[in-house]
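A.B. asks: Quick one: the structure is below, questions incoming.
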Amino acid sequence: MTTNEIRKFIARILCEGVQLSPDAIEFIVQSNNIDQITNQIIGKLRKLTRKPLILTSETIAELLHIKRETVKLRIDAKEVKEDIEIVFNASDVINSEGNIDDFISHFISRFKKIRRIILRERFDARGTITIREAKRIIKKYNDKVKLICIISSKKKADNGNIIFEIEDLTDSIRAIVPFKSNIIDKAEKIVKDEVVFLEGRIINDTFLVNEISQPEVPRINRHSYESENFPDIYAVLISDLHVGSKYFMRSTFNRFLLWINGKIGDEKIRKIARRVKYLIIAGDLIDGIGIYPNQEKELLVKNIKKQYEIVARYLSQIPKHIKIIVIPGNHDATRRALPSPAIFKEYAEPLYKLPNIIMLGDPAYIRLHGMLFLITHGRSLDDILATVPGTHYDRPAEAMIELLRRRHLAPIYGARTPIAPEREDMLVIDKVPDVFHAGHLHTFGYLIYRGIIVVNSGTWQGQTDYMRAMGMKPNPGKATIINLKSRRVEAVLDFTIESHIKFV
Ligand code: FE
Ligand code: ZN
């Protein structure tokens, strides 16, 4: 149902000289045929000698001879106790002063953490040795060896061979994948600074690669709680509002707010709204200021605090029984480098004042009723698109899968994604999530990868001048609904259509 339709029936009843209580509006909105029920009510009202001053849901029940219970608005999620565990919050652990020592310990940490993952999760990685050991053994026996190493550089020779400089904690060596090799496609996808698992032989001080494997994620089994006494509740995933931009899609977002308040949509869609218990926003709440050259021209609100004030006004319309979980994006007021702390309080005071909001850093791991969510804004997806062949802006979930395969949220150091060299590399994906949620690319997409629900939430911003110049088209106004009971994607709703909400 559209806002116009709502206005229309309210106006019609007001014309009868009767006011409407909020629960009466609620009830009429929830009925399947608004015109019909409005006609019925008006018909009954006209027959009364003394009309009520205010029409409540109870008076409607009496007038139309229907049971009170069917009138009372049910919000299922309200009855459910929230169950949220913050498993990891980047905000809590950031402490780098950024000196060179940290840079070295950062890479040692990355290497050790991912090596541990490979050794723990891959049976074929048994029997790996160090590069130093490999050099020694090969001199004696020329055996095939297995190595876990970090890619310090990658280049393509004129003849098509791919040449890596690989390194571990003991030594380094040149590694080569000949262009005729059957693993050349795999090698093409390997990027600088990722940790991989190689098999091959050393010939003349060069490691000739036979097999190349990424750490990967193990296939997970999402246990469904369908048959058990488990509450039927949902988490909604959205991202990239960009409030303050003149391209922020205000009416589309308003439609989302009306829906989450149970005010619009057919019965099926309103039933979903009643069960929403959590809303997760993966960053870029505001458009910010000075994020890219000439941004001023595209801003409607040119003050960061004011931008957050408006965001808070929108989010204050989310019903209070819904917990809102927020992480920052690159347009938000936080440190530019990853991992980033939660949006700075001094800029976003009104957000922090909302009673139902949880402000976290990027990345964050949370558990909702036992279901593990990994939330990151997804800045490094730019680097993935630029370096991994076969990835495309239009298929954002595939780019996210490239991060899962590498078990790292920003595998390439020194490219477009600024990374703070914390002593411990907190961008390693050491826990395999049930849901991996990001945004940033402004295109929508979701996939199931090895049992993991991978969602890129898209945006609520229209096409900016920059995007138009680059030929990029956003895919805005989507909300992904995760059913915490069945542990599946319940629905994807599209709010961009004026008259109704669409299932995607
Ligand atoms: Fe964004
Ligand atoms: Zn972004």
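The values are calculated or read from the model by the stated rules, or taken from the named source; none is laboratory data. Given the structure is predicted, the values throughout are model-derived calculations rather than measurements. Glycine also receives a Cβ, built like all others from the backbone with ideal geometry; neighbour counts cover every protein chain displayed. Surface areas here come from the heavy atoms of the whole protein model, side chains and all, with no ligands, DNA or RNA. Shrake-Rupley method; radii C 1.70, N 1.55, O 1.52, S 1.80 Å.
A.B. asks: Answer with one residue from M359, L237, N159: the one whose Cα lies farthest towards the positive end of the charge dipole of the chain, charges on Cβ with Lys, Arg +1 and Asp, Glu -1.
C.D. replies: L237
A.B. asks: Report the gain in length on full extension from R219 to L53: 0.36 nm times residue separation, minus Cα-Cα distance, nm rounded to one decimal.
C.D. replies: Gain in length upon complete extension: 53.6 nm.
A.B. asks: OK, next. By accessible area of protein heavy atoms, probe 1.4 Å, what ranking do V80, V209 get, highest first?
C.D. replies: Order by accessible area, largest first: V80, V209.
A.B. asks: Ordering S227, S31 by how much accessible area each has at a 1.4 Å probe, largest first, what is the list?
C.D. replies: These residues rank, largest area first, as S227, S31.
A.B. asks: Additional query: Probe radius 1.4 Å, ligands and nucleic acids ignored: give me the carbon and sulfur share of the accessible area of the chain as a rounded percent.
C.D. replies: Carbon-and-sulfur percentage of accessible area, whole number: 49.
A.B. asks: Let me ask something additional. Say each of K268 and Q463 gets a label point 7 Å from the Cα, pointing the same way as Cα to Cβ; how far apart are those two points in nm?
C.D. replies: Using points 7 Å along Cα→Cβ, the separation is 3.1 nm.
A.B. asks: Leaving out ligands, DNA and RNA but keeping every protein chain, what accessible area does I54 have, in Å² rounded to the nearest 10, with a 1.4 Å probe?
C.D. replies: 90 Å²
A.B. asks: Using the Karplus curve 6.51 cos²θ - 1.76 cosθ + 1.60 with θ = phi - 60°, what ³J(HN,Hα) values do you get for each residue of the range 384-394, in whole Hz, with x for Gly and Pro?
C.D. replies: 4, 4, 6, 10, 9, x, x, 8, 8, 3, 6
A.B. asks: Moving on to the next point. Say the dipole of the chain comes from +1 at the beta carbon of Lys and Arg and -1 at that of Asp and Glu; which of I384, Y314, A337 then lies farthest toward its positive end?
C.D. replies: My answer, from the dipole projection, is Y314.
A.B. asks: Lysines near K44 by alpha-carbon distance under 23 Å, same-chain residues fewer than 8 away left out - which ones?
C.D. replies: Those lysines meeting the cut-off are K8, K67, K72.
A.B. asks: Run lengths n ≥ 4 of DSSP H only: what is the helix-derived mean residue ellipticity at 222 nm for the chain, with -39500 (n - 2.57) per run over all residues, to the nearest 500?
C.D. replies: -8500 deg cm²/dmol
A.B. asks: Placing unit charges on C-beta atoms (Lys and Arg positive, Asp and Glu negative, everything else neutral), compute the dipole magnitude of the range 246-349 about its Cα centre in debye, rounded to 20.
C.D. replies: My answer is approximately 520 debye.
A.B. asks: Given a 1.4 Å probe and heavy atoms of the protein chains only, how would you sort F253, F103, F123, largest accessible area at the top?
C.D. replies: Result of the area sort, largest leading: F123, F103, F253.
A.B. asks: Which listed residue (A61, S213, L279) has the Cα farthest towards the positive end of the charge dipole for the chain, taking +1 on Lys and Arg C-beta and -1 on Asp and Glu C-beta about the Cα centre?
C.D. replies: The residue sitting most towards the positive pole is A61.
A.B. asks: Nothing charged except the Cβ atoms of Lys and Arg (+1) and of Asp and Glu (-1): what's the magnitude of the dipole of the chain about its Cα centre? Round to the nearest 20 debye.
C.D. replies: In debye, rounded to 20, the chain gives about 920.
A.B. asks: Which value in Å is the Kirkwood Rh of the range 3-73 over different Cα pairs?
C.D. replies: So the Kirkwood estimate lands at 12.0 Å.
A.B. asks: Then there is this: Using a cut-off of 11 Å between beta-carbons, work out the net charge of the residues near L55 (Lys and Arg +1, Asp and Glu -1, L55 not included).
C.D. replies: The answer is -2.
A.B. asks: Rounded to the nearest 0.05, what FRET efficiency do N229 and D92 give with R0 = 41 Å and r taken as the Cβ-Cβ distance? Could you check?
C.D. replies: 0.75
A.B. asks: Shifting gears a bit: Mind grabbing the accessible area of K302 for me, 1.4 Å probe, Å², rounded to tens?
C.D. replies: For K302, solvent-accessible area is about 120 Å².
A.B. asks: Here's another thing I want to ask about it. Can you work out the accessible area per residue across the chain, with the rest of the protein chains kept in place, probe 1.4 Å, in square angstrom?
C.D. replies: Using a 1.4 Å probe on heavy atoms only, each residue of the chain averages 45 Å².
A.B. asks: Ok, one more. Lys and Arg at +1, Asp and Glu at -1: add these up for the other residues within a Cβ distance under 12 Å of R367 and post the number.
C.D. replies: So the environment of R367 carries a net charge of -3.
A.B. asks: Quick one: dipole size for the range 123-213, taken about the Cα centre, charges +1 on Lys/Arg Cβ and -1 on Asp/Glu Cβ, in debye to the nearest 20.
C.D. replies: 260 debye
A.B. asks: Give, as a single signed number, the net charge of other residues whose beta carbon lies under 12 Å from the beta carbon of L45, with Lys and Arg counted +1 and Asp and Glu -1.
C.D. replies: Its environment carries a net charge of +4.
A.B. asks: Related question: Using a 10 Å cut-off on Cβ atoms, rank the peptides 357-366, 170-179 from the highest mean neighbour count down.
C.D. replies: 357-366, 170-179
A.B. asks: Calculate the spin-label point distance for R201 paired with F503, positioning each point 7 Å from the Cα along the beta-carbon direction, and give it in nanometres.
C.D. replies: Those two pseudo-labels are separated by 5.8 nm.
A.B. asks: Now for a different question. Antiparallel as a % of all DSSP beta bridges within the chain, to the nearest 5?
C.D. replies: Bridges in the chain that DSSP calls antiparallel: roughly 65 percent.
A.B. asks: In addition: So how much accessible area does I129 have, in Å² to the nearest 10, using a 1.4 Å probe?
C.D. replies: Spelled out: I129, probe radius 1.4 Å, area about 40 Å².
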